[in-house]
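Everything on this sheet refers to the single structure shown next.
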Amino acid sequence: MQLADQSVIELSNREILKLTGVQHIDIFETERIVLLTEQGTLEVQGVQLNITQLDLDAGVLQITGNIDALIYPQERHKHKHKKQSQQSFIQKMLS
């Protein structure tokens, strides 16, 4: 992995979140921020979330507020599971 492909998360006292490797912000709400990072989609959940620093050219983002959760959706796992389920269904229909 090259340094440019890294994503760093720094959380201080569950109130200040600093991220690198940020490419795009998809959703910005006071209780949820969804963004695309070098490592995939990241959802930040909390209360009174604010973006206090944003530099997409440098890939830097800072969020303040009461941060409750950081979630990387398991998109790859869901897709793989769905494919296996479809195969099982087809196999069941043919047997």
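The values are calculated or read from the model by the stated rules, or taken from the named source; none is laboratory data. The structure displayed is predicted, hence computed values, not measured ones. Neighbour counts are summed over all protein chains in view; Cβ atoms, including those assigned to glycine, are modelled from backbone coordinates with ideal geometry. Please note that ligands, DNA and RNA were not included when accessible areas were found on the heavy atoms of the full protein model with its side chains. Shrake-Rupley method; radii C 1.70, N 1.55, O 1.52, S 1.80 Å.
Criterion first (in contact (Cβ under 8 Å) with a residue 40 or more places away in the chain and more than 21 Å from GLN6 (Cβ to Cβ)) does ASN66 satisfy it?
Judged against the criteria, ASN66 is a match.
Listed by first and then second residue, the pairs linking a residue in the range 7-18 that is farther than 15 Å from VAL47 by Cα to a residue that is assigned to a loop (DSSP other than H, G, I, E, B) and modelled with pLDDT under 95, with Cβ atoms under 8 Å apart and 6 or more places separating them unless they lie on different chains, are SER7/GLU38; SER7/GLN39; LYS18/VAL8.
Return yes when GLN74 is free of Cβ contacts under 8 Å to residues at least 24 places away in the same chain and open to solvent by 30 Å² or more (accessible area, probe 1.4 Å) and no when it is not. Yes: the conditions hold for GLN74. Within the range 12-31, the set of residues being closer than 11 Å to GLY65 by Cα and either touching a helix residue (DSSP H, G or I) at 6+ places or on another chain (Cβ under 9 Å) or surrounded by 14 or more Cβ atoms within 10 Å (Cβ to Cβ) (or both) comprises ILE16, LEU17.
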